[in-house]
Every structure is written in C-alpha cells, then in structure tokens.
Amino acid sequence: MTTGAEASAPQLQEITAEALRDLNARMVDRAKANGAIRSAEVEAAFRDTPRHLFLPKVDVEQVYSGSAIVTRSDEKGQAISSSSEVGIMAPMLEDLDVRSGHRVLEVGTGTGYNAALLDHLVGGDGEVVTIELDPEIAARAREHLASAGHDRVRVEVGDGYGGYPARAPYDRIIATASVRDLPRAWRDQLVEDGRLTVPLRLRANAQMVVTFRRRGETLQSVSVVPGGFMPLRGEPAWNESTIELEGDWEASLPAADEGDGAILAALLHEAPTIEPLREIPWQAASMMGLLEPDWIDLRQRQRQIAWSGVYDRPSRSLALMWSVPVPMRMMTWVLLVYGPPAARDRLLRLVDDAAGIAVNELRLEAVPVDRSPPSGDVVVAGENFRYAISRARGATLAT
C-alpha cells in the first residue's frame, strides 16, 4: 500500500504561472529572513527551482509553505520518503558549500527537488549523482527533474549506504536520511578536504545534522545544526540492546547487562510516583540520550508509544519522562519514578545539563574504529567510526 501526499492526489488549484512565481519568491524571502538561506548562490538555486514541479499533486499553498511533506509510506503507514522542510534543506546546502564544477553525490533522491538545487549550484561543468533505493521513487524523481529542466542529473537505483563508486570520487556528498554510523564508503568516495553533510542519530534519540570535512582517514565537523530525518533504508542494524518484556513491550539500552530484563519487569509492575517536570526545550530533549550512557527507551509496539529516561542499575531504579497532552495547552511533561530516587536525581541533573547545550556549539570528529580512540567530552562508538563530541569555545559537555 502506498500513501502520502503524492499518492493522495488532492484537488489541484487553478493558478497562474505568475502566482506560482510569487509563492516561490515569498517562500525564499522567509528562508532568507530567518537565516536559513545565507548566500547568493543558494538563494538563486531556490528562486530558479519551482518546488511545485516536484510535488505535482500537492496543494500549492502547502508546497510553498516550505514545510516537510510526506510523499510515500509503507504498508504500516510509516513514512519512507518525503520532501524535506526548506528550513533545514537550505542550511544543509549552505554548509555543504557546493561550487561550480563540483561532482556531488546525493544519498536519498526523494522527489528530486534537492538534486535539482544541487544541479543549479554545480552549473554546466559539474555533475550531480543521486541514488535511491526504491525504483518507483527514482522513476518519479526522473520525471520531476525532466519537467524542471534538470534531466542531466544522474538518478541511480541502489543502496546508498554503499555510496555510488562508479562516479567517485566526489567533491561533496549529502545524505537526506539519517544514519547511526557513517559508512566508510562515503568517506572513501570523498576527495581529500571534501565535505559530507549527513543527519546523525548517534545514541538514543540524539539527532543532529553534521557537515564534515575529510582529513585523511578521519572526518572533522565544519558545522552542526539541529534537524531530524527518517532513517536511511538499507542501514545495517545498530548494536543497541533491545530487551523483550511482557506483551508487546520492549526496552532499548545502549548496552544491556544480564538480568536487566528481570529488574525492569519488576520495576514496571510497581505503581510509579508521578511528579511534574518543567518544560524541556526540543534541542535539550534531543541531547539527553547523547549525554546519558544509561538512557532507556521503553516502547509499546502495538500502540507506537514511547517513554524515555534513565535506568540506574546500582540502585535498581528507573525514571521515565512522559509528555501528557492537555486541552488548549502545549504538552505537559511529568516524571514517572520507579524504585529509589537515584534514577530520578540523575534525570533531573541531566535535564539541567542538556538545557545548557546549543547544538551549533558542538564539534565532532569521526575516527575509524581501528585507529587510536579520539578524545572528547563524549565518545560514542559505532561499527565503523568512533565519534568524539565536544563543545566549542572551551566549554565542556556535562556527563
């Protein structure tokens, strides 16, 4: 079953070409005003690339709102392809720093809109290769690109996790879906000093968009901005431990010890103490799992509901955050405390620590796992790379 904006085929509006240009101009003006578009080159790419040509069955007011639009879902209703929000596309293109004549690889074609923007940036002497896992999505993107005058973009069908070695090396690589660990193929297909822009899900719910520069075997961040993207299909399974509990419940931890399942099951059978929790900014919430090595995600699969918090093994205690919808108000956060107060105290300290971190202050270095471990305030190990994460300007991450 296919669902989503393109498959739902809403009624198209009768609208003139002049009105469409005006809608696009206003979208670009908003992106400039809020700082998402910073350079004349990226501005020109957006002004000269009509977004509605890549979302032909979506209401044009929605198209030019600049918001993210789901274009394809799987049989379970999970989004598998979308047109990303312009407010994150533009900063990613700015940080990628595409120049005329560059060869660029895009992983995740989607509608083809981002590939068209890249094609505008590389000019007639450059080349854009975009790789898409789903043949139907790739075919539709080719149609969109042709209708917009960007049919020279190479749309390839394949698993983008392995890059596209046939046209390597690349001056720039950009991924439009998130990964938990960088594929070595992306680094290997990037020229020395080339840039890679990718959404990273390093641990638990921590996600950020990082632009790296290649320095030999390592990758060093140029910029870090907040952003959330769906996972890259074809990405290998992560080594996070999942514990099956009763019914359709499961808990995920960075690393589980023997006996954790029994301890968690016993705790969750208790009636929790419920306490109010102050509002948590989105950026802070996204950082908490990165800072806390004993972060836990508890899920009920059938209802697609999740709780997150801290599991304190020494005291056999658990503290979970729960966002409660309140009529006529924003979500209200409460704290569910199981067992002694140790996990609760750790979680409250973590809330304070995370609130003081701005994502754009972070610096990352990705070092292959077979090299000497990197140093940083927080080090996260993947299968391919270790990631050293530190704060800029001399401050340190509290852990």
- [ ] For Arg215 and Asp345, compute 0.36 nm times the residue count separating them, minus their Cα-Cα distance, and round to one decimal in nm.
- [x] 42.7 nm
Task: Net length gained if the chain between Asn34 and Glu258 were fully extended (0.36 nm per residue, minus Cα distance) - done: 75.7 nm
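Give a quick list of GluC sites (Glu not before Pro) in the range 222-271 that DSSP marks as loop, anything other than H, G, I, E or B, with at most 11 other Cβ atoms within 10 Å. Write down the numbers at each step before the final one.
Details: sites: Glu240, Glu244, Glu246, Glu250, Glu258, Glu270; in loops: Glu240, Glu246, Glu258, Glu270.
In loop regions of the range 222-271 (DSSP not H, G, I, E or B), the sparsely surrounded GluC sites (Glu not before Pro) are Glu246, Glu258, Glu270.
If you rank Tyr387, Tyr113 by fewest surrounding Cβ atoms within 10 Å, what's the result? Walk me through the numbers on the way to the answer.
Numbers: Tyr387 24, Tyr113 28.
Ranking Tyr387, Tyr113 by Cβ neighbours within 10 Å, fewest first, gives Tyr387, Tyr113.
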TODO: Show that you can apply the helix-only estimate: for the chain, add -39,500 (n - 2.57) for every DSSP H stretch of four or more residues, divide by all residues, and state [θ] at 222 nm to the nearest 500.
DONE: -7500 deg cm²/dmol
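At 10 °C and a viscosity of 1.306 mPa s, what translational diffusion coefficient does Stokes-Einstein give for the chain, taking Rh as the Kirkwood radius over Cα pairs? Give it in µm²/s as a whole number. Walk me through the numbers before you get to the answer.
Details: Rh = 22.6 Å.
Estimated via Stokes-Einstein, D reaches 70 µm²/s.
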Open item on the list: For a quick check, take a GNM of the chain with Cα springs below 10 Å and name the residue from Leu93, Leu118, Leu277 with the largest mean-square fluctuation.
Closed with: Leu277
Task: Debye equation applied to the C-alpha atoms of the range 58-204, log10 I(q)/I(0) at 0.12, 0.15, 0.17 Å⁻¹ - done: -0.47, -0.74, -0.97
TODO: Among Leu196, Leu320, rank each residue by its count of other Cβ atoms within 10 Å, from fewest to most, as a rough exposure measure.
DONE: Leu320, Leu196
TODO: Consider all pairwise Cα distances in the range 122-209 and report the whole-number % of them above 17 Å.
DONE: 54
- [ ] State to the nearest 20 debye the size of the charge dipole of the chain about its Cα centre, where the only charges are +1 on K and R beta carbons and -1 on D and E beta carbons.
- [x] 660
TODO: Could you pull out every residue, at least 5 positions away or on a different chain, whose amide H is within less than 5 Å of the one on Gly158? Hs are placed 1.01 Å off N in the peptide plane, and Pro or chain starts have none.
DONE: Glu132, Leu133
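Bear in mind these aren't lab numbers, they're just calculated from the coordinates by the rules spelled out. All values reported here derive from a predicted model rather than from experimental measurement. Neighbour counts run over all protein chains shown; Cβ positions are idealised from the backbone, glycine included.
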